[in-house]
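The values are calculated or read from the model by the stated rules, or taken from the named source; none is laboratory data. Computed from a predicted model, the values in this text were never measured in an experiment. Cβ coordinates were reconstructed from backbone atoms using ideal geometry, including for glycine residues, and neighbour counts include every protein chain displayed. Heads up: the accessible areas ignore ligands, DNA and RNA and are worked out on the full protein's heavy atoms, side chains in. Shrake-Rupley method; radii C 1.70, N 1.55, O 1.52, S 1.80 Å.
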Amino acid sequence: LPMTNACSLIFLSLFLATGCATVGKGTPPPPPAAAKHPPLTVKVMTWNIHHGEGMDSKVDLSRIVEVLRRERPDIAVLQEVDVNVPRSGMVDQPKLIAEQTGMTPCFARAMPLGGGDYGNLLLSRAPVNGFFAVSLKSPGSSEPRSIVDADIQLRDDVVVKVLGTHFDVNANITSINAETIVKSYQNISPAFGILAGDLNAGPESDPLLRLTRKIWTRLAPGPEQGTYPASQPKETIDHILVRPAANWKLVSSQVLPEAMA
């Protein structure tokens, strides 16, 4: 398993289309004052937590919880999360994190591990209408991969589909992972979408180009902010993408300096 990644945090604004019209690609978002409903600001985080093991090789989930409490994201997508695995003290990490942050947990198992489970965790401060796990099947993968797929009720009139995932470390298989998402989520309902996770690929890589060629848009400021490795982040492999592009605006973005956690 790779070394833990730095924590990526992004503020997004969602501009809602007026009436029932569909806002297509290339269509500018309505100005906030003219919108039927005011824009909505969402704080999204993605973080590979390495089953709670920090840079000091100690498993201490309280440090993860502390960051979540301090930053208070509306949506957090965590990778490499354990459920009742010996290496992390036989702790149900999704349940513990949810209880201590007050967020709703959505866990998607990627594979069984040590008599327990290992996979991706999505946390939401808003109500979750439903969620399920999707297998990212790819022959030759270093380990099974999954997607946590959740519909989140951000506001009475706004539901957003949020996908959290962790791509393979093999570049060829990472491209397959990306293509699977493109094909599986070519059309989504609700129309608003967020895709976040440790994609093990840089901004200009083939997997990112596949994702952003037609459907998804990666929102990130320049210059690039490294997210890996946590000790000295140099590579940007953790990403947050949205759809449709016309309805989203990046407010701010940062990589949190959490080298120990």
Worksheet item: Restricting attention to the range 182-194, does a residue exist that is crowded, with 23+ Cβ neighbours inside 10 Å, at negative phi and touching an Asp or Glu at 6+ places or on another chain (Cβ under 9 Å)?
Response: no
Discussion item. Checking VAL148 against (1) touching a strand residue (DSSP E or B) at 6+ places or on another chain (Cβ under 6 Å); (2) crowded, with 21+ Cβ neighbours inside 10 Å; (3) over 18 Å from ALA98 (Cβ atoms): exactly one of these is not met. Which one?
Written reply: (3)
Worksheet item: In this structure, does MET90 turn out to be over 12 Å from MET45 (Cβ atoms) and either surrounded by fewer than 20 Cβ atoms within 10 Å (Cβ to Cβ) or modelled with pLDDT of 95 or more (or both)?
Response: yes
Worksheet item: Would you pick out the residues in the range 46-56 that are of a type outside the set (D, E, K, R) and at pLDDT below 95?
Response: GLY54, MET55
Worksheet item: How do the pairs read when you match residues in the range 206-235 that are free of Cβ contacts under 8 Å to residues at least 60 places away in the same chain and within 16 Å of THR46 (Cβ to Cβ) with residues anywhere that are small (Gly, Ala, Ser) and assigned to a loop (DSSP other than H, G, I, E, B), using Cβ under 6 Å and keeping only pairs 6 or more apart or on different chains?
Response: PRO207/ALA201; LEU208/ALA201; GLU235/GLY226
Worksheet entry | Long-range neighbours under 8 Å by Cβ, at least six apart or interchain, first residue under 12 Å from MET45 (Cβ atoms) within the range 60-77, second open to solvent by 40 Å² or more (accessible area, probe 1.4 Å) and in a strand (DSSP E or B) | none
Discussion item. Tally up the residues in the range 121-145 that are among the hydroxyl-bearing types (Ser, Thr, Tyr), part of a loop (DSSP other than H, G, I, E, B) and open to solvent by 30 Å² or more (accessible area, probe 1.4 Å), please.
Written reply: 2
Worksheet item: With respect to THR165, is the statement that it is open to solvent by 30 Å² or more (accessible area, probe 1.4 Å) and under 17 Å from the mean Cα position of the chain (by Cα) true?
Response: no
